[in-house]
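*Asks:* To start, I am sharing the structure in question, which I have written as structure tokens.
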Amino acid sequence: MIRILLADDDVDLCEMLAEYLTAEGFSITFVHDGETALRRAREDVFDLVVLDVMMPRKGGFDVLRELRTDSLTPVLMLTARGEDVDSIVGLELGADDYLAKPCNPRVLTARIRAVLRRVKQRPDEDINETPQVLVQADLTLHMGARRVTCIERDIALTSTEFSVLQVLLLEAGHIVSKQTLSEQALGRRMTRFDRSLDMHVSNLRHKLGALADGDERIKTIRGVGYQYVIK
């Protein structure tokens, strides 16, 4: 059974979401402060953490920042509605996705399933048609192991960053529209003012660095999408 840690100081909301998610087949553990959330996330094994931004004793951003020093467990942030800066900060710190509160339990479930799909390679994917190792110059992506090396060093990527890079590498040299990238990597259509892809690509650029000649690896095609550059 998929185990989810739900961290939110709103007790009633936690109980409601836990009841809904349990009915959807998930095993839910919920806590109501940041320090407990960080301790449980490190002590136990969870498939995904749902983390509220505003919590007592330790805020969600601090929990995520500390968690990312030693864990790539997928994290979905819950942010205040209309607080776009919270969404951006969360993604910069390594969140896999975010959702504004108050959230529809059905939408939350869909987001959770989308993140989990990115973590686990599905055995029914086109294994015979899709290469399992993608190589572009000094970068290698291993699909099965979900491992990336660049300039002979391992690069720690979140599940979402890995999926975004995989889609771009499969189309290396070609432009991938933002809508296509969102649907294939994030598992959902983009909405207006959605900055998720921009932030995940920004994180990838930071982690991978430039090409050997100093040029950027992932090029922004203004108004269209992104392109992984081939030299």
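*Asks:* Would you mind putting 97-108, 165-176 in packing order, based on average other-beta-carbon counts within 10 Å, highest first?
*Replies:* Most protected by this proxy first, the peptides run 165-176, 97-108.
*Asks:* Then there's this: Show which aspartates and glutamates lie in cross-link reach of K101 when reach means a straight Cα distance below 16 angstrom and same-chain residues fewer than eight apart are skipped.
*Replies:* Cross-link targets: D8, D9, D10, D12, E15, D52, E83, D84, D86, D194.
*Asks:* Which net charge results when you count Lys and Arg as +1 and Asp and Glu as -1 among the other residues whose beta-carbon is under 11 Å from that of R57?
*Replies:* My count for the surroundings of R57 gives -2.
*Asks:* Viscosity 0.890 mPa s, temperature 25 °C: Stokes-Einstein D of the chain from its Kirkwood Cα radius, in µm² per second?
*Replies:* 134
*Asks:* Considering only DSSP beta bridges with both partners in the chain, what is the antiparallel share in %, to the nearest 5?
*Replies:* Taking every DSSP beta bridge within the chain, about 50 percent pair in antiparallel fashion.
*Asks:* Could you tell me what % of all Cα pairs in the stretch 148-211 have separations over 16 Å?
*Replies:* Looking at the stretch 148-211, the distances longer than 16 Å represent 44 percent of pairs.
*Asks:* Here's a follow-up. Quote the charge dipole size of the chain about the Cα centre in Debye, to the nearest 20; the model charges only the Cβ of Lys and Arg (+1) and of Asp and Glu (-1).
*Replies:* 480
*Asks:* Could I ask something else about it? Can you give me the distance in nm between label points at H206 and R68, each placed 7 Å from the Cα along the Cα-to-Cβ direction?
*Replies:* Between H206 and R68, the simple spin-label model gives 0.6 nm.
*Asks:* Along the stretch 25-39, what does the Karplus equation 6.51 cos²θ - 1.76 cosθ + 1.60 (θ = phi - 60°) give for ³J(HN,Hα), rounded to whole Hz, x for Gly and Pro?
*Replies:* For the stretch 25-39, the Karplus curve yields x, 9, 9, 10, 10, 10, 9, 10, 8, x, 5, 5, 4, 5, 5 Hz.
*Asks:* Another question, then. If packing is taken as the mean number of other Cβ atoms within 10 Å per residue, what is the order of 180-187, 217-224, highest first?
*Replies:* Order by mean packing, descending: 180-187, 217-224.
*Asks:* On to the next question. What is the spread of the Cα atoms of the stretch 108-231 along each of their three principal axes, largest first, in whole Å?
*Replies:* Computed over the Cα atoms, the extents are 43, 34, 25 Å.
*Asks:* Under the rule of at least 5 residues apart or a separate chain, name every residue whose amide H is placed under 5 Å from the amide H of T79.
*Replies:* Residues meeting the criterion, in which the H sits 1.01 Å from N, are L99, A100, K101.
*Asks:* While we're looking at this one, here's another question. Applying the Karplus parametrisation 6.51 cos²θ - 1.76 cosθ + 1.60 with θ = phi - 60° to the phi angles of the stretch 106-111, what ³J(HN,Hα) value in whole Hz is obtained for each residue in order, glycine and proline being reported as x?
*Replies:* Result, rounded to whole Hz: 5, 5, 4, 4, 5, 5.
*Asks:* For the stretch 3-119, what is the Kirkwood estimate of the hydrodynamic radius, computed as the reciprocal of the mean inverse distance between distinct Cα atoms, to one decimal in Å?
*Replies:* 13.8
*Asks:* Under the rule of at least 5 residues apart or a separate chain, name every residue whose amide H is placed under 5 Å from the amide H of V31.
*Replies:* Counting only residues 5 or more places away or on other chains, the set is L6, A7, D8.
*Asks:* Can you tell me which of D198, D70, D154 moves the most in a GNM of the chain? Springs connect C-alpha atoms under 10 Å apart.
*Replies:* D70
Every read-out reported here was derived from the displayed coordinates using simple, explicitly stated rules and does not represent laboratory data. What you see is a predicted model, and the numbers here were worked out from it, not measured in a lab. Reconstructed Cβ throughout: ideal geometry from the backbone, glycine too, with neighbour counts over all protein chains shown.
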